[in-house]
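Visitor: To start, I am sharing the structure in question, which I have written as C-alpha cells.
Nothing in this text is a laboratory measurement; each read-out follows from the coordinates by a stated rule. As the structure is a prediction and not an experimental result, all values here were calculated from the model. Ideal geometry is used to build each Cβ from the backbone, glycine not excepted, and the neighbour counts take in all protein chains shown.
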Amino acid sequence: MTRLLGIFLIGLLSCQPPRQEQLTLAVAANMQYTIQSLIRAFNKTDSTKIAVISGASGNLTQQILNGAPFDIFISAEKVYPRELARQGLTLTPPQVYARGQLVLWSARPGIEPGKDLQVLLGDNVQRIAIANPATAPYGHAAVSLLKKYALYDQVKPKLVTGESITQASQFIATQHADIGFTAKAVVMAAEMKGKGKWVELDVNDYPAIEQAAALLTYARHNEAAARKFYHFLYSEEAKAIYKQSGYLVP
Amino acid sequence: MIELAPLWLTLQLALSTTLILFVVAIPLATWFSGRKTLLKVIIESVVTLPLVLPPTVIGFYLLMAFSPNNAFGRWLERWTDMRLVFSFGGLLIASVVYSLPFMVHPIRSGLSSLPPSLKEASYSLGKTKWQTLLKVLLPNIKPSLLTGLVLTFAHTIGEFGVVLMIGGNIPGKTRTASIAIYDEVQALHYGQANVYAVILLVISFAILLILYAFNGKTRQVKFY
C-alpha cells in the first residue's frame, strides 16, 4: 500500500510543468479568434509561450479581483479594466486598442437580418440571442440599440441570454436562436465563414464599444515579456490585424 | 433586493422533477430488484450514468439532439411545435434524466433489503403483483421512498451545468436560482448573490434535517 502511494506521489510530482517563460492572457470572448492572429504575428519574432483564457469581460474581471494569475487583461470595453486600475490591480492605466462593431446575424434559412431590425418582430423569429447585458459589453450594446429603436419591450420575451458573446454566437450558429446580436469579429472569423447572413449595425446607434487592455500586477513575475506583448497590442502590425478582423481602429 | 422569480422557478422545477421521477422510478426500481439478467444490468448502468457523467455531457447531447440542424431536432420542432432548448420543458427533461439515479437507487435498495417471505406471503394470500407492491412492499420501505424524494428534490435545486448550457437565462422560464447566483457574482453584485446563496443553503439544510430526523431510527436506508 505504501509502495503504491509512493508510486502515485512520484507520478503526481513528475506531472509538474517545467518552469518556462509564459504569459497568460485574459481575453474578452469577442477577441478569441483575433487573439490567435495576434499571437502568431508576435511569435514570429519572440518565442514566449502565450496561453489564452477567454470569457465575458465581467466574468474575467471577477476572476482577476479574486486573484486569478493573469498577466494582461484584454477587455471588451473600458469600465472593467478601469475598475481593476482603481483597485490597484494594474501596472498601466487601461488603454483602448480597438473599437468593436455589433452585427445582427442569423443562420436560419429564410431569415434576412436587416439594418432596421424590423425582422425581429416577425413571427418566424421566436428566439433572439444576445450576450448577458450585465457582464458582456456586446450584450449591453445590443440592449441599448433595441431601446433606441423602441423595440426592446416588444422583443423582450424573445430574448435568450448567452453567458458571453461566445455562447450567444453558439446559439445563433447552431440555430437554437433564430437570430441574434454578436461581434463583427465573430462572424468574420474563419470558423464562422458561410454560416448564415449578417448585417453590420450603425455604430452611432449604440454606445461605443471601446475595447481596452491593461497590464496586471500579476505580470511582475515576468514583466519584460508581459510589457513587450502589451506594447505589441498597440503596434501598427496589431492595428492591421484588428482592422482585418472586423474592428475599427482609433 | 433580489427577485423572487428564480427561487420560485427552482422550486417548480424541483417539484415537477420529483413527481415525474417518483412515478417513473417505482416500476424501474421494482424491475431492478428482481432476478439479475443481462438486459437489466445494462439498463441499470445506463440509469446510473448521470451520477458519474459531468452535467456538461448531458447538456451537450441535449443541445445536439434538439438542434434544428439535424433531422431529429427538425422533426421535434415540426411535430411538437415546441423548442426544448430555452424552455421550461427542456429543463424539465434534462432534470429528469440528470436526477434519475437519485430516485431509483434508494427505492431499489429498499426493495432488495425486504425479506422474500413478505412477497411470498402476500402472493399466497391471493394478492396480485400490483396489490403486493402498493399495499405490502412500498409501505415497508417508507424511509427509502423519503430518501429518494428528498435527494431528487435537493439534487434538482443544485442543478447548474445543464441549465447554463441549454437554459438561455430567460427570467421566469429558465433563470433558476443557481444561475441567478452565478450571474450576480459575475456582475460583482456579491450582496445579491449572497441573499440567493443563503436562501438555498437554508432550504437545503432544512430538507436534510427533515430527512435525518424522520429516518434517524431506521439504519437500513442505503443509497446503493
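Visitor: Take peptides B:137-147, B:166-176, B:186-196, A:146-156 and line them up by average Cβ neighbours within 10 Å, highest first, as a rough protection proxy.
Guide: B:166-176, B:137-147, B:186-196, A:146-156
Visitor: Once amide H atoms are placed 1.01 Å from N in the peptide plane, what residues at a sequence separation of 5 or more from A:Val160, or on another chain, have their amide H within under 5 Å of its amide H?
Guide: Close amide H contacts, sequence-distant or interchain: A:Ile128, A:Ala129, A:Ile130.
Visitor: Let me ask another. When Cβ neighbours within 10 Å are restricted to other protein chains, what is their mean count per residue of peptide B:167-173?
Guide: If you average over the peptide's residues, the count of other-chain Cβ atoms is 5.
Visitor: Rounded to whole Å and ordered largest first, report the semi-axes of the equivalent ellipsoid of chain A derived from its Cα gyration tensor (root of 5λ).
Guide: Equivalent ellipsoid semi-axes, largest first: 36, 22, 17 Å.
Visitor: For segment B:5-215, go through all pairs of different Cα atoms, get the mean of 1/r, take its inverse, and jot down that Kirkwood value in Å.
Guide: 18.9 Å
Visitor: How large are Rg and Dmax for segment B:1-52 when calculated on the C-alpha trace, in angstrom?
Guide: When restricted to the Cα atoms of segment B:1-52, Rg and Dmax are 16.5, 56 Å.
Visitor: I would also like to ask the following. Whole-Hz ³J(HN,Hα) for each residue in segment B:149-166, computed from phi via Karplus 6.51 cos²θ - 1.76 cosθ + 1.60 with θ = phi - 60°, x for glycine and proline: what do you get?
Guide: Whole-Hz 3J(HN,Hα) from phi for segment B:149-166: 4, 5, 5, 4, 4, 5, 5, 5, 4, x, 5, 9, x, 5, 5, 4, 7, 10.
Visitor: So which of A:Lys147/A:Lys239; A:Lys78/A:Lys147; A:Lys78/A:Lys239 end up more than 25 Å apart, counting from Cα to Cα?
Guide: In this structure, A:Lys147/A:Lys239 exceed 25 Å between Cα atoms.
Visitor: In whole Hz and in residue order, list the ³J(HN,Hα) couplings for segment A:177-184 that follow from phi through the Karplus curve 6.51 cos²θ - 1.76 cosθ + 1.60, θ = phi - 60°; x for Gly and Pro.
Guide: With coefficients 6.51, -1.76 and 1.60, one gets 9, 6, 7, x, 9, 8, 8, 4 Hz.
Visitor: Can you tell me the relative contact order of chain B? Whole percent, Cα pairs under 8 Å, sequence separation 6 or more.
Guide: In percent, rounded to a whole number, it is 31.
Visitor: Oh, and also: So, with +1 on the Cβ of K and R and -1 on the Cβ of D and E, and no other charges, what is the size of the charge dipole of segment B:1-132 about its Cα centre, to the nearest 20 debye? All intermediate terms of the calculation are to be shown ahead of the outcome.
Guide: On the way: 10 positive and 5 negative charges, 110 e Å.
Computed charge dipole of segment B:1-132: roughly 520 debye.
Visitor: If N is the number of residues in the protein assembly as shown, what value comes out of its Cα radius of gyration divided by 2.2 N^0.38 Å?
Guide: Computed over Cα atoms of the protein assembly as shown, the ratio equals 1.17.
Visitor: So, one more: Given H placed 1.01 Å from N in the peptide plane, which residues other than close sequence neighbours of A:Thr90 have an amide H under 5 Å from its amide H?
Guide: Answer set, sorted by chain and number: A:Thr217.
Visitor: For a quick check, take a GNM of chain A with Cα springs below 10 Å and name the residue from A:Ser47, A:Ser169, A:Ser57 with the largest mean-square fluctuation.
Guide: Highest fluctuation of the listed residues: A:Ser47.
Visitor: Classify segment B:78-127 as rounded, prolate or oblate, taking a ≥ b ≥ c as the square roots of the eigenvalues of its Cα gyration tensor: rounded when a/c is under 1.5, otherwise prolate if a/b is larger than b/c and oblate if not.
Guide: oblate
Visitor: Applying 1/(1 + (r/R0)^6) with R0 = 25 Å to the Cβ-Cβ distance of A:His221 and A:Gln87, what FRET efficiency is obtained, to the nearest 0.05?
Guide: The pair A:His221/A:Gln87 has a calculated efficiency of 0.80.
Visitor: Just grab the label-to-label distance for B:Arg35 and B:Leu4, each label 7 Å out from Cα along the Cβ direction, in nm (one decimal).
Guide: Each label point lies 7 Å from its Cα, and together they span 5.6 nm.
Visitor: What is segment A:101-205's relative contact order, in percent, from Cα pairs under 8 angstrom and six or more apart in sequence?
Guide: On the way: 206 pairs, mean separation 47.5, N = 105.
Averaging sequence separation for qualifying contacts and normalising by length gives 45 percent for segment A:101-205.
Visitor: Could you run the Karplus curve 6.51 cos²θ - 1.76 cosθ + 1.60 with θ = phi - 60° over segment A:141-147 and give me ³J(HN,Hα) per residue in whole Hz, x for Gly and Pro?
Guide: Calculated HN-Hα couplings, in order: 4, 5, 5, 4, 4, 4, 5 Hz.
Visitor: Same structure again: Work out the mean other chain Cβ neighbour count within 10 Å for the residues of B:71-77 and drop it here as an integer.
Guide: Details: counts 0, 0, 3, 1, 0, 0, 1.
Per residue, the number of nearby Cβ atoms from other chains is 1 on average.
Visitor: Springs between alpha-carbon pairs under 10 angstrom, Gaussian network model over chain A: which of A:Arg227, A:Arg108, A:Arg40 fluctuates most?
Guide: Result: A:Arg40 has the largest fluctuation of those listed.
Visitor: Looking only at other chains, what is the average number of their beta-carbon atoms within 10 angstrom of each beta-carbon in A:161-167?
Guide: 4
Visitor: Here's another thing I want to ask about it. Give the residue from A:His176, A:Ser54, A:Leu248 lying farthest towards the positive end of the charge dipole for the protein assembly as shown; charges sit on Cβ (+1 for Lys and Arg, -1 for Asp and Glu) and the dipole is referred to the Cα centre.
Guide: A:His176
Visitor: Check A:Leu23: other-chain or 5+ apart residues with amide H under 5 Å from its amide H, H built from backbone geometry?
Guide: A:Lys49, A:Ile50, A:Ala51
Visitor: For chain B, set up a GNM with springs between Cα atoms under 10 Å and report which of B:Leu76, B:Leu38, B:Leu21 has the largest fluctuation.
Guide: B:Leu38
Visitor: OK, next. Return the FRET efficiency for the residue pair A:Ala208, B:Val198: r is the Cβ-Cβ distance, R0 is 35 Å, and the value is rounded to the nearest 0.05.
Guide: My answer for the efficiency is 0.35.
Visitor: Given a Förster radius of 25 Å and the C-beta distance between B:Lys129 and B:Phe205 as r, what FRET efficiency does 1/(1 + (r/R0)^6) yield to the nearest 0.05?
Guide: 0.05
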